[in-house]
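Please read the structure below before turning to the comments.
The values are calculated or read from the model by the stated rules, or taken from the named source; none is laboratory data. What you are looking at is a predicted structure, and each value in this text was computed from that prediction instead of being measured. Neighbour counts are summed over all protein chains in view; Cβ atoms, including those assigned to glycine, are modelled from backbone coordinates with ideal geometry.
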Amino acid sequence: MLGSAALALAGVAAGWFDAYVNFTMGPWDVAAGQALVEQAGGIVMNDRGNRRQFWDSTVIAGADQKTVDHLLDIIRML
C-alpha cells in the first residue's frame, strides 16, 4: 500500500505495477487513478467483471484484460 489508491493506480498506468486490487474504496479515492489507467490503455473493473462505475467500492485494475481476468478468477474462488 502506498498510502493512496490514486498513487497505486498511477503506478499501474505507468507500468510500475502489474495490478491493483482493493475492496473498500470510495469513489473519490479511485476516480483520478482510474482515469490514468484507462488513458494508458489499462483495464479497471469491479468484482462482477464489469467496467468500474463511480459508485462501485471494489477496484481491480491491470495493464491488460488477461491480468484482470486472472485476478477475477482468484477473487471468485474466495
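Would you mind telling me which numbered condition in (1) free of Cβ contacts under 8 Å to residues at least 24 places away in the same chain; (2) surrounded by 12 or more Cβ atoms within 10 Å (Cβ to Cβ); (3) in a loop (DSSP other than H, G, I, E, B) M25 fails?
Here M25 meets the rest and fails (1).
Identify the single condition in (1) in contact with a Phe, Trp or Tyr (Cβ under 6 Å, 6 or more places away or on another chain); (2) among the polar types (S, T, N, Q); (3) free of Cβ contacts under 8 Å to residues at least 12 places away in the same chain that N50 does not satisfy, given that it satisfies every other one.
(1)
Given the condition among the β-branched types (V, I, T) and either surrounded by fewer than 12 Cβ atoms within 10 Å (Cβ to Cβ) or part of a helix (DSSP H, G or I) (or both), answer yes or no: does some residue in region 43-66 qualify?
no
Give the residues of region 28-42 that are modelled with pLDDT of 95 or more, over 20 Å from L72 (Cβ atoms) and buried (at least 16 other Cβ atoms within 10 Å of the Cβ), sorted by residue number.
Scanning region 28-42 gives a single hit, L36.
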